[in-house]
Amino acid sequence: MAIVKPFVEVIDDHGDKLKYVGYDGACEFQPFVERLHKNGNAGAAELSKLKYLVDRFHIRGHTKAECDISQASCKYHPDLPIFTEISAANTECAEQTLSWLKKYKHSVKYMTAARFRFFLYSIIEDRNTEIHQQQKGEFL
């Protein structure tokens, strides 16, 4: 149930814009949310209104019929028509970011929490600026 709280906080801040949840375990998480909702959990009630999909990176390893686009019961595959609105979204961005962050693991290993947060904020801010400029066709 601890995983529900961060999602509920996102809904509190962005609920009017939030429609989809792309998550590597969406096929497990969405039924969990539904069970919580049926048991009267207020946060789960909001989460149950969203559409869930498994990100493109992880969908390859999913074997359940709910994740197999060739099956009639499929509801979590990112190529389904219900996800057309976000078909161009980079559902692998979290995996790409974690892969990029791994190169800093030895640098941050012995940092204090405050230095780690500052360092992480700084490098992520720089990376986001770089990505934004590349998307706009600007290069440093």
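Couple of notes before you dig in:
- Filter result for residue 77 (buried (at least 17 other Cβ atoms within 10 Å of the Cβ), outside any helix (DSSP H, G or I) and over 12 Å from the mean Cα position of the chain (by Cα)): yes
- Leading residue by the ranking (modelled with the highest pLDDT) among those in the range 14-44 that are within 16 Å of the chain's Cα centre (by Cα) and charged (D, E, K, R): 28
- Members of the range 51-74 found to be crowded, with 16+ Cβ neighbours inside 10 Å and either under 21 Å from residue 17 (Cβ atoms) or among the acidic types (Asp, Glu) (or both), listed by number: 51, 52, 53, 55, 66
- Residue in the range 111-125 that is surrounded by fewer than 10 Cβ atoms within 10 Å (Cβ to Cβ) and either not hydrophobic (A, V, I, L, M, F, W, C) or not in a helix (DSSP H, G or I) (or both) present: yes
- Scan of the range 87-110 for residues that are surrounded by 11 or more Cβ atoms within 10 Å (Cβ to Cβ) and among the polar types (S, T, N, Q), ordered by number: 87, 90, 91, 96, 97, 107
The values are calculated or read from the model by the stated rules, or taken from the named source; none is laboratory data. Worth saying up front: this structure is predicted, and the values here are computed from it rather than measured. Here Cβ is always computed from backbone atoms with ideal geometry, including for glycine, and neighbour counts include all displayed protein chains.
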